[in-house]
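Student: Take a look at the following structure, please.
The values are calculated or read from the model by the stated rules, or taken from the named source; none is laboratory data. Since the model is a prediction, treat every value here as computed from it, not as a measurement. Note that each Cβ is placed from the backbone with ideal geometry, even for glycine, and that neighbours are counted across all protein chains shown.
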Amino acid sequence: MDKLPLPEERAGETPTPRAWREELIRELTRRKIPRAWQARLLEELDDHLSDLKEKRMSTTTEPFPSPEGRLGRPHEIAAAAAAEYRKLGFFARRPVLTYFVGPLVMVPVAFVAFLFLFFLFFFTAGLALEGIMSIVGAEPPHDMNPTANGIANALVLSTRFVPFAFFAWMFCHFARRHGRGWRCVLSACTVVAVYAGLFSIALQAPTGQDNGSLTMGLAIPPQQLTNFLQAAVPLAVGLLFIWRVSAGRSSSFHSGTTLRASSQVAAG
């Protein structure tokens, strides 16, 4: 005896929400949409349907139409989502290049640029301060050096953590925008953490016989506790991002491009 077709397989009938969702996942996978991007799209579609159901229940008692009737056929939504995904560009479709090779090259170059601008700013600010004090005929008080040294040490210490935390956040931002999962996030943050753990900087305060010094380099292998703390910061940023997304709070991070895909189909 022939197998009876499922209700969603019968000609002329609308697929059930579960079958519609499974078909949409197959269409998205066939178009090579990343899983994280798929999950975000499905989450937004579920929220959109829930809102529509609540509005309809408050105005009428008629049955709620099928997802296909409200949002479109799975292959139409998948095609629109694929078009939105392609708009993200070259790097969004190449995770190895973006989240492994990218930080290997980008982090040291960006960090050198950061240090150049950092010291250029304070050098310029120092010259401006000396010029102003010379014009007004004022001299710095004798107890200014301890305060200045404290500020300088705080700024030097911040260069051990702040730039690498920013680089980790930047790649998390790329992963969110590109719809990539935790593997891409950890890959990029691990590379950033290696650079952070190897970076070393030390400030020697000036004394009566010495003008002081600032030394920078690579600590191979890392030996100070500070180096391990530096490496922990980018990893913490990446793990926090993954936790936020996995806890269902990704709505505060997404840009909304996937919802535009479903809106285009529904409007069409």
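Student: Under 9 Å by Cβ, and 6 or more places apart or on different chains, what pairs join a residue from the stretch 26-53 that is under 18 Å from Arg177 (Cβ atoms) with one that is among the aromatic types (Phe, Trp, Tyr) and part of a helix (DSSP H, G or I)?
Tutor: So the pair list comes out as Leu28/Trp37; Lys32/Tyr85; Ile33/Tyr85; Pro34/Tyr85; Ala36/Trp182; Trp37/Tyr85.
Student: Search the stretch 155-182 for residues being over 13 Å from the mean Cα position of the chain (by Cα) and touching a residue at least 60 places away in the same chain (Cβ under 8 Å), and hand back the single one that is nearest to Ala83 (Cα to Cα). Give the steps one after another, and end with the answer.
Tutor: At the first step, the residues of the stretch 155-182 found to be over 13 Å from the mean Cα position of the chain (by Cα) are 155-164.
With touching a residue at least 60 places away in the same chain (Cβ under 8 Å) added as a condition, the list becomes 160-161, 164.
Values: Arg160: 41, Phe161: 39, Phe164: 34 Å.
Only one residue tops the list, namely Phe164.
Student: Determine whether Ala128 is assigned to a helix (DSSP H, G or I), under 30 Å from Arg40 (Cβ atoms) and either in contact with a strand residue (DSSP E or B) (Cβ under 6 Å, 6 or more places away or on another chain) or at pLDDT 75 or above (or both). Step through it out loud before you land on a result.
Tutor: Working: assigned to a helix (DSSP H, G or I): yes; under 30 Å from Arg40 (Cβ atoms): no; either in contact with a strand residue (DSSP E or B) (Cβ under 6 Å, 6 or more places away or on another chain) or at pLDDT 75 or above (or both): yes.
For Ala128, the condition - assigned to a helix (DSSP H, G or I), under 30 Å from Arg40 (Cβ atoms) and either in contact with a strand residue (DSSP E or B) (Cβ under 6 Å, 6 or more places away or on another chain) or at pLDDT 75 or above (or both) - is not met.
Conditions tested, residue by residue: (1) surrounded by fewer than 21 Cβ atoms within 10 Å (Cβ to Cβ); (2) at pLDDT below 90.
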position	(1), (2)
Ser134	yes, yes
Gly137	yes, yes
Ala148	yes, yes
Asn153	yes, yes
Phe167	no, no
Cys172	no, no
His178	no, yes
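Student: Run down Ala232, Ala188, Ala236 and say which single residue is surrounded by fewer than 17 Cβ atoms within 10 Å (Cβ to Cβ), touching a helix residue (DSSP H, G or I) at 6+ places or on another chain (Cβ under 8 Å), at pLDDT 90 or above and more than 16 Å from Val156 (Cβ to Cβ).
Tutor: Values: Ala188 fails: surrounded by fewer than 17 Cβ atoms within 10 Å (Cβ to Cβ); Ala236 fails: touching a helix residue (DSSP H, G or I) at 6+ places or on another chain (Cβ under 8 Å).
Ala232 is the lone residue from the list that is surrounded by fewer than 17 Cβ atoms within 10 Å (Cβ to Cβ), touching a helix residue (DSSP H, G or I) at 6+ places or on another chain (Cβ under 8 Å), at pLDDT 90 or above and more than 16 Å from Val156 (Cβ to Cβ).
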